[in-house]
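I have placed the structure first, in the form of structure tokens, so that the comments after it can refer back to it.
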Amino acid sequence: MKKEDTVKLISAEGFEFIIDKNAAMVSQTIRNMLTSPGGFAETEHREVTFPEISTPILEKICQYFYWSLQYASGKETEFYIEPELTLELMMAANYLHT
Amino acid sequence: MGDQSLFAELGELESPLVRLCIEKATQSGDAVETWRRQRRTLERLPPQLAGSLLHRLHRRRLLYPSLLEVFKYSVERIDLSGENSVDAEWMAYLGAFQYLHSLNISDCHRINSSALWALSGMKYLKEVDISRCSKVDDAGIKHLLSIQTIEVLCISETSVSTAGVTLLSSLKKLSKLDLGGLFITDTALASLQVLKKLRHLDIWGSDISNEGASILVNFPNLTFLNLAWTKVTILPNVSSIACLNMSDCTIQSMFKGEGNKARLSKLLLAGALFKDIANAFLYFDSNSLSFLDLSNSSLHDLSFLSILHALEYLDLSGNLIGDDSVKYIASAGANLKTLNLSNTRVTSAGVAVLVGHVLKLETISLDSTATDDLAISYIGMIPSLKAVSMKRTHVRGVIQQNGGDAECVLSLTALENLKQLEKLNLEETPLKDEAIIPITNLKQLTHLSLRSSFLTDASLHHLSSIPNLINLSIQDAILTNAGIDSFNPPLSLQVLDLSGDWLLTKDALLLFVQRHSDIEVRHAHVTTFQYDNGDTKYHLPLQTSMRTSQQRRFSSSPLKSKMAAIIDQRLKYSRAELLSMQFASMSAAPFGEPPTSPK
């Protein structure tokens, strides 16, 4: 993957997830941050930090992004969510508008 | 992915992943156990997510009193209306909610006055709805008085008396007060005068008289007033009122008196008896009157309509008015969007008078009138129409041409001019298959209702070509199993009502249901789904009961349509789940029917 096509998402503990830009833009919030003309630091460095989202949750979110792209292109599978993660994942999804 | 009905429920949530998470979290009692002890996360839940989670648990019958505790820091609005298991124990937990500002426990029949004690002293509670909790009396009101933040209070059809209502004068922030169906007298209104912020007052079905009504001028902010079913005959000039309901009253005069003219936008006078209809509309400013309901009010002369130029909704059903009155409707028709002339003496000639004068008309009802196919041709000349109802009229679907060989023209072709037509109701008109054919050209049609014993499978076949049909009803027809088998419904179809189609057998219907699991089929053979729910939290809903100590004024209140005496248990399951249960429990018989062996 070329650097211009990727985005870095950083969790509360400092873990960095480098994912495809299209995947990240499944999140309306991230899409706005990256495409807005307002001159966000995020747009320039293509890095977004989420001090409120823990690493396992952010990892699951990234999995969801890829699953969502896959689903939209016709491969209809089930997205499994571990029961203990549901609440935190829900809050992160709400924040990210995914 | 998922089911249409699931997404309809959670429609307010725009985010798909949030929906998936809530679905997973509320899948079963075990799922709930995995997260109910995640205290710190639960405390951080934003209010609308917490609310969605709580109400989803409730709809899935997974909510019980001690589970409420996990939401006590996050939930702000709760609606448990109609839930018969809600009692003092539930209230005890709800009373501990820190930030609750809206509570709806209407139709919760176990709630009594002492259960309300648990709510005393709540700091942020603004809206309380305990309508139809018939066990709540004046003692219950005393507990509510300690909640000084209350702005909206609904206690209609409870057992509160005039004495209890008098106490409400201490809730200074009250802006909406629903006291419908209570036996309160003028003294109650007198004591409520101090509530200067009151905007909305419902005192329908009470013992208020003209004397009490005269006090109403002392409420400076009153915009909504409901005096239906009272003895009030004279309404003084309460100039702040914008919406007035005096249905089923005998009206001598309205708004006669000194001061500014009231600027009314909505007037409900269904079933009213007028002493002087010509002057009834003179004393207020009718330039903004957009909604007028005069159904069943023994009207003869509609000349007063000509001054009402802003009318958008007009209901004149059930009055003895004929074609000569239609010119007055036409004169007020410039902004008219909805017109109800059912059960009147209007004929096709009357409909002709409307053409050209109602350029914004979207909905028209001519049910149970002596109109016929000629009226359909006039209706075809009102291109703004989106919904047409002509139940029980003399429509036959054909017009005999004059002279010589009886050449028939299909009358419904006139409807093809209505490019925006979405809903068409022609129930109880003797239509035949050929007459239906023009309907197939109505590409925007979403709802179609037919009920005629002449309709055969041919009609079903014709109608399958309407691309956007959502709701199709062909009742009392002679449809056969073969017709149902070969029916290819449009992709958008969600409901197929075949009630009264007596030739259809249960097997054929079940086969259809199996093949088209996303369509809801209605027929006597396809009744309630069997659900095997071992959940002890399931309670049979109780019927609304009459009070024993005091006779309730109305065995069925005017607002009965709002009361759901039976909760449709099917609502808690998605359609796919219901079907899997239906076919899984083949040994269990549906309600009231002996088990039939599968063919």
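Structure summary
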| quantity | calculated |
| --- | --- |
| Those helices (runs of 4 or more DSSP H) lying entirely in the stretch B:35-87 with at least 1 residues within 18 Å of B:S15 (Cβ to Cβ) | B:39-44, B:47-59 |
| Any hit, the stretch B:239-250, residues being more than 20 Å from B:G212 (Cβ to Cβ) and not aromatic (F, W, Y) | yes |
| Within the stretch B:441-515, helices (runs of 4 or more DSSP H) holding 3 or more residues that are touching a strand residue (DSSP E or B) at 6+ places or on another chain (Cβ under 9 Å) and outside the structural domain of B:P383 (by the TED database) | B:457-463, B:506-515 |
| Selection count where residues are more than 9 Å from chain B (Cβ to nearest Cβ) and charged (D, E, K, R), scope the stretch A:61-98 | 1 |
| Complete set of residues in the stretch B:140-166 that are surrounded by 17 or more Cβ atoms within 10 Å (Cβ to Cβ) and assigned to a loop (DSSP other than H, G, I, E, B) | B:I147, B:I150, B:E151, B:I155, B:S156, B:E157, B:T158, B:S159, B:V160, B:S161 |
| Enumeration of residues in the stretch B:258-276 that are buried (at least 16 other Cβ atoms within 10 Å of the Cβ) and in a loop (DSSP other than H, G, I, E, B) | B:A262, B:L264, B:S265, B:L269, B:A270, B:G271, B:A272 |
| Residues of the stretch B:43-71 satisfying the condition of being within 25 Å of the chain's Cα centre (by Cα), of a type in the set (K, R) and within 12 Å of chain A (Cβ to nearest Cβ) | B:R56 |
| Pairs where the first residue, in the stretch B:150-165, is on the phi > 0 side of the Ramachandran plot and in contact (Cβ under 8 Å) with a residue 12 or more places away in the chain and the second is hydroxyl-bearing (S, T, Y) and assigned to a helix (DSSP H, G or I), C-beta under 9 Å, 6+ apart | none |
| One residue from A:E4, A:E44, A:E13 being closer than 19 Å to A:Y95 by Cα and among the acidic types (D, E) | A:E13 |
| Among (1) within 23 Å of B:R39 (Cβ to Cβ); (2) of a type outside the set (D, E); (3) more than 9 Å from every other protein chain (Cβ to nearest Cβ); (4) in contact with a Lys or Arg (Cβ under 9 Å, 6 or more places away or on another chain), the one test that A:L58 misses | (4) |
| Hits in the stretch B:497-511 (condition: crowded, with 18+ Cβ neighbours inside 10 Å and under 20 Å from B:S449 (Cα atoms)) | B:D497, B:L498, B:D501, B:L504, B:L509 |
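The values are calculated or read from the model by the stated rules, or taken from the named source; none is laboratory data. All values reported here derive from a predicted model rather than from experimental measurement. Note that each Cβ is placed from the backbone with ideal geometry, even for glycine, and that neighbours are counted across all protein chains shown.
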